[in-house]
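The values are calculated or read from the model by the stated rules, or taken from the named source; none is laboratory data. Not measured: the values here are computed from a predicted model. Counting neighbours? That spans all protein chains shown, and the Cβs are built from the backbone with ideal geometry, glycine included. These area figures cover heavy atoms from the full protein model, side chains too; ligands, DNA and RNA do not enter into them. Shrake-Rupley method; radii C 1.70, N 1.55, O 1.52, S 1.80 Å.
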Amino acid sequence: MAEGKNRSRGDPAPNRLIKEASPYLRQHAYDPVDWYPWGDEAFFRAREEDRPIFLSIGYATCHWCHVMQKESFSDPEVGRFLNENFVCIKLDREERPDLDQYYMDACIAFTGRGGWPLSLFLTPEGVPFFATSFIPRTRMAGSYGIFEVLAAIAAYWKEHHDDALALARDISANIAHARDHACTGPLPADAADTVYNHLVSIHDSRNGGFGPPPRFPMFPVHLFLLRYGTVLRRTGPIRLSCQTLLSMARGGVYDQLGGGFHRYATDERWLVPHFEKMLYDQALAALAYSEAFSLTGNAALGRVARGCMKYICRNLQAPGGGFYAGEDADSGGGEGLFYVWTRDEIESLLSPEEKEIASLVFSLDGEESPGPAGIRNSRKAGVLSLSRQPPEAARILGMAAGDVERVLETLKEKLLSARNKKPHPPRDTLVLADWNGLAISALSVTSRALGDTEFLAAARRAAELVLGPLRSPDGGIYHRWTAGDVAIPGMSADYASMTMGLLDLFLASREPRFLSAAIDFEEYHFQNFWDKEKGGYFRTREDQRDVPVRQKDFLDNSIPSSNSLSFSALVRLHILTGDDSYLGRAGQIAGYYPPLVRQYPSSCTMFLAGHLVAEGQSGTVVVTGDETDPLYVRMLEVLDRNYTPFVLPVAQGREHGAGEICRLLPWCAIFAGENRAPRAHVCLGKSCQNPRTDAGSLESFLKGYMPGKQ
């Protein structure tokens, strides 16, 4: 159910959306607009009456969606005009990302840009003949007001009906052509160099980040940079990534008290965020920061990874074991009010020692901290950012770094406790298979990198939801769960993300059942979404009839594309199982990327992060022996503490799951008969080295391991 305001007896009667499970749709259940949910009923009426359709697409935590509702959809006059001239449909983009992407492409074709809320005008067959995004209540900044737009579209449909239909046909053809990517052959040897050089050219060397503000974190970029630097044995790409990761972590775009990233920063210094928090951002952030921490040993990077995962476990955990989609930007009547402070508010809560340390460590919206002598702008509200790292504050104060850290933890708990007394941002209580797949992956990787069993337990709980209530009768998965209700057949992104998550959970938990489930999901994905003629995964199944055009996604946006995620999963399945069919599928996906790397280099980074694993001398380390032997446990701990995406650990004990491991990974049968002390078998490429018989030699190998190019 949606988290939001309670309704009173004086409210108007609800519309059809009151029966929907989506929090976003239920937010509009009391609009004076005669909303339909997406479905046959609305299209039947449009065809019967030959009316155009007004389609509004948004999501529960979208600030500008709330603004358009407050300004326009709550206005009886706007509702009356819409009801008299259009069949009105509300769509939650999170429930139907396949439809959202098609109509977003239409908006970009019409206006050159996209964003939510999406506002589209469709023929009764669902094909757009005009599209835009946010429409203001009255004319402003060169944008027409909603009455002007609605009146013009209604008149155009009546007076130029055939032209509207012809325009819709042209737009639909253009959208289909734009995403009809061709498989062109092998990836050029310099593809990764091309992308790296592009990123260098748009990198902000002072503040970190890529491109002008508003500035998005672009977490998959960092997975690429870290692996590119590792494979080529160059420090430049790793420094480039870490500088940006640390800059983001210091800014207000990262919640300095509660952990987790806001959606994006409005400025170049990462100080002032757009305040919504999304599950997928936390997952992708934790993957990037965990990998950077494991590679560099920088504790600040590990703290951010931990903060993101603690945030989702504390704030987004659903009763069924999965994770909610996100938290709103708005609360208490405005955007970001939950997160802003004045210095007077902060000082009133802290002891003299805490105030002194806080004045050195934190700033509000990046104002220069005056230090212990005084505080500026005591009544100006702002977002907390980090102006100094704790060790630097300790040097200034002449204190031990550990003492400063302890005081900081205490004062942050005080501030967090006070903040939690404010009206809390509502949560979007959809549990989505694709975003939960990313969360399972991030929790599993972070648990290994940081040695935190709490995160591994949370990943298991989320996986149990997917493998239980979210499972469909035919062996697939549903896309959406909320309050026990499942709906919407899974899409390509659901299978790609969940395969990735279950693979990482297998590597972290050592439980073969998660590898078995990952293999099953990949097989289902292949049977129902694979293009049997050209290769690559379609966004939707062949029997999905309500999407105007069946398309494939290759380019990363705020979330990596399903084909880039699938490529990485296929590479790892090949490394683990030795099954060449996985490598064949991965090769066909890679064949689409040569022109995309040239045209959209920064949108291909998740694919290239996986390609570097395929290209590097990747492999497995199989630990055999008695599971109760301390050396066996120690070897697995060493593999986790020295986490690297290029080495996949497999636990093959004598008792638990040994037979299942051999069934799933037949090549491991050569180790099955061992009755020796624990050993670590390092297998890179197509050959295995002499086994390591002590944890120290295994750790030395991992610390010195440089994958390089095969």
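Some observations on this one:
- Stokes-Einstein diffusion coefficient of the chain, Kirkwood radius over Cα pairs, 37 °C, 0.692 mPa s, in µm²/s: 122
- Computed helical MRE - 222 nm, the chain, DSSP H runs ≥ 4 contributing -39500 (n - 2.57), nearest 500: -15000 deg cm²/dmol
- Under the simplified labelling scheme, the I108-K70 pair shows an inter-label distance of 3.0 nm, with each label point 7 Å from Cα along Cα→Cβ.
- When DSSP beta bridges are restricted to pairs lying wholly in region 535-656, around 10% turn out antiparallel.
- Within region 183-266, the trypsin sites (Lys or Arg not before Pro) that combine a DSSP coil assignment with at most 11 other C-beta atoms in a 10 angstrom radius are R206, R233.
- Centre separation in Å (Cα based) which lies between region 154-173 and region 688-703: 68
- Computed in the context of the full set of protein chains, the accessible area of the chain at 1.4 Å probe radius has 51% of its extent on carbon or sulfur.
- Only beta bridges with both residues in the chain are counted; by DSSP, about 75 percent of them are antiparallel.
- Cysteine residues of the chain whose C-beta has no other cysteine C-beta under 4.7 angstrom: C88, C107, C183, C242, C308, C313, C604, C662, C668.
- Subtracting the Cα-Cα distance of D403 and K158 from their residue separation scaled by 0.36 nm leaves 80.8 nm.
- Accessible area (Å², per residue) of region 568-696, counting only protein heavy atoms and a probe of 1.4 Å: 39
- Cβ-defined net charge surrounding W667, 11 Å radius [Lys, Arg +1; Asp, Glu -1]: 0
- Axial C-alpha extent at least 18 Å, average Kyte-Doolittle at least 0.5 - helices from the chain (DSSP): 146-159, 219-232, 279-296, 433-450, 453-467, 492-509, 562-577
- Neighbourhood net charge (12 Å Cβ-Cβ; Lys/Arg +1, Asp/Glu -1) for G322: +1
- Calculated accessible area for region 1-115 comes out at 43 Å² per residue, all protein chains present (probe 1.4 Å; ligands, DNA, RNA ignored).
- Between the beta carbons of T138 and N174, assuming R0 = 30 Å, the FRET efficiency works out to 0.40 to the nearest 0.05.
- Peptides 88-95, 411-418, 467-474 ordered by average Cβ neighbours within 10 Å, highest first: 88-95, 411-418, 467-474
- Sparsely packed trypsin sites (Lys or Arg not before Pro) within region 659-708, loop by DSSP, other Cβ within 10 Å at most 16: R676, K686
- Cut-off 19 Å, label 7 Å out along Cα→Cβ of R654, residues of region 618-640 by amide N: 622-636
- Fully extending the segment from Q544 to Q317 would add 78.6 nm, taking 0.36 nm per residue of separation and subtracting the current Cα-Cα distance.
- Backbone N atoms of region 395-435 closer than 17 Å to the 7 Å Cα→Cβ label point of T342 belong to residues 419, 422.
- Region 36-89 and region 413-487 have Cα centres lying 31 Å from one another.
- Burial ranking of peptide ranges 282-294, 124-136, 385-397 (average Cβ count within 10 Å, highest at the top): 282-294, 124-136, 385-397
- Centroid-to-centroid separation of region 522-559 and region 623-641 [C-alpha atoms, Å]: 40
- Under 13 Å, Cβ to Cβ, from I108 - net charge with Lys/Arg +1 and Asp/Glu -1: 0
- For trypsin sites (Lys or Arg not before Pro), the sites in region 102-162 that DSSP calls loop and that have at most 13 other Cβ atoms within 10 Å are R113, R139.
- For the chain, the residue among N197, N528, G236 whose Cα projects farthest onto the positive side of the dipole built from Cβ charges is G236.
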